[in-house]
Amino acid sequence: MNIVLYDVPSTSPGYSMSLNTWRTRYCLNYKGLPFITEWVEFPHLESLYAKLGIVPKAMKANGSPHYTVPVIYDPLTNKSIYDSMAIAEYLDQQYSDTPQIFPHNTIGLAQTFTEAFMSYIPPARELLIWTIFVCLRPPSIQYFRDDMEAKVGKKLEDLVPDDQLSAHMTALQGVLEKINNLYAKNAGKGPFIMGEELSWADVVVAGFLMCFRVSTGEDSQKWKEIISWHDGRWTALMENMRKYE
């Protein structure tokens, strides 16, 4: 029986624009667990949650429930889980005989890394939002617009004007510089933050980068520029993550 991964589709068929869902996709593939993807547009997530019996804990600024992806349904246990890290913890526990996303009992460290990573993103937040927005399909565009414009306080079209793109790219490079400093602690012993062993941190970073690869196109000059930074650190990471896409 296949696990079901619920994801929001993009204008690139078969590819997601959710950095969080990419985390789950990487986890499932790394663990070798059979799964299928069911594509669900943002406006239909509320009915999906109701069908699966999930009550979201997160709330929007206006007090309404915040419905997000990823969500998985595991027919083996009849369980539905949402939130990428909660899903990863579940998969490690339920399928303990598969490669571990949190090796050597590193769940606490992984949580700390995730919090640090999310705290680094704000300088590149507007570029990330725009990158995702331009690849959504029509059914999800207005939902995403309403949600994001309430958060950023401006029209999405005003997030990354052409004359400010260079500054936004510099901001993104600065975000990745902080992550690079952490990766450098492995003393060059492998492409992953733990050297040769993949872990949750790599899943988080790769999911973030995939949004830019899918949106700009793998052959685009912008993508080639991004993965060239920091002596090709991100080229090495993404090439080693490719088999888990």
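The values are calculated or read from the model by the stated rules, or taken from the named source; none is laboratory data. Being a predicted model, the structure only gives us computed values, none of them experimental. Methodologically, a virtual Cβ is constructed for each residue, glycine included, from the backbone with ideal geometry; neighbour enumeration extends over all protein chains shown. Note: areas computed on protein heavy atoms with side chains; ligands, DNA, RNA excluded. Shrake-Rupley method; radii C 1.70, N 1.55, O 1.52, S 1.80 Å.
Summary of values
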{"read-out": "In segment 204-245, residue surrounded by the fewest Cβ atoms within 10 Å (Cβ to Cβ) [restricted to those that are without any contact (Cβ under 8 Å) to a residue 12 or more places away in the chain and not in a helix (DSSP H, G or I)]", "value": "D219"}
{"read-out": "Residue within segment 62-77 that is closer than 29 Å to V152 by Cα, touching an Asp or Glu at 6+ places or on another chain (Cβ under 8 Å), outside any loop (DSSP other than H, G, I, E, B) and at pLDDT below 95 present", "value": "yes"}
{"read-out": "Segment 1-17: number of residues that are surrounded by fewer than 21 Cβ atoms within 10 Å (Cβ to Cβ) and not in a strand (DSSP E or B)", "value": "7"}
{"read-out": "Boolean, N78 is more than 17 Å from the chain's Cα centre (by Cα) and on the phi > 0 side of the Ramachandran plot", "value": "yes"}
{"read-out": "Subset of segment 44-56 (residues that are within 26 Å of G207 (Cα to Cα) and either surrounded by 13 or more Cβ atoms within 10 Å (Cβ to Cβ) or in contact (Cβ under 8 Å) with a residue 12 or more places away in the chain (or both))", "value": "H44, L45, E46, L48, Y49, L52, I54, P56"}
{"read-out": "Checklist (1) in contact (Cβ under 8 Å) with a residue 60 or more places away in the chain; (2) open to solvent by 20 Å² or more (accessible area, probe 1.4 Å); (3) not charged (D, E, K, R) applied to G153, failing item", "value": "(1)"}
{"read-out": "Residue check, E41 closer than 29 Å to W130 by Cα, open to solvent by 20 Å² or more (accessible area, probe 1.4 Å) and not aliphatic (A, V, I, L, M)", "value": "no"}
{"read-out": "Residue check for M59: open to solvent by less than 20 Å² (accessible area, probe 1.4 Å) and either under 19 Å from the mean Cα position of the chain (by Cα) or without any contact (Cβ under 8 Å) to a residue 40 or more places away in the chain (or both)", "value": "no"}
{"read-out": "Selected residue [assigned to a loop (DSSP other than H, G, I, E, B) and either polar (S, T, N, Q) or modelled with pLDDT of 95 or more (or both)] from L198, L172, L176", "value": "L198"}
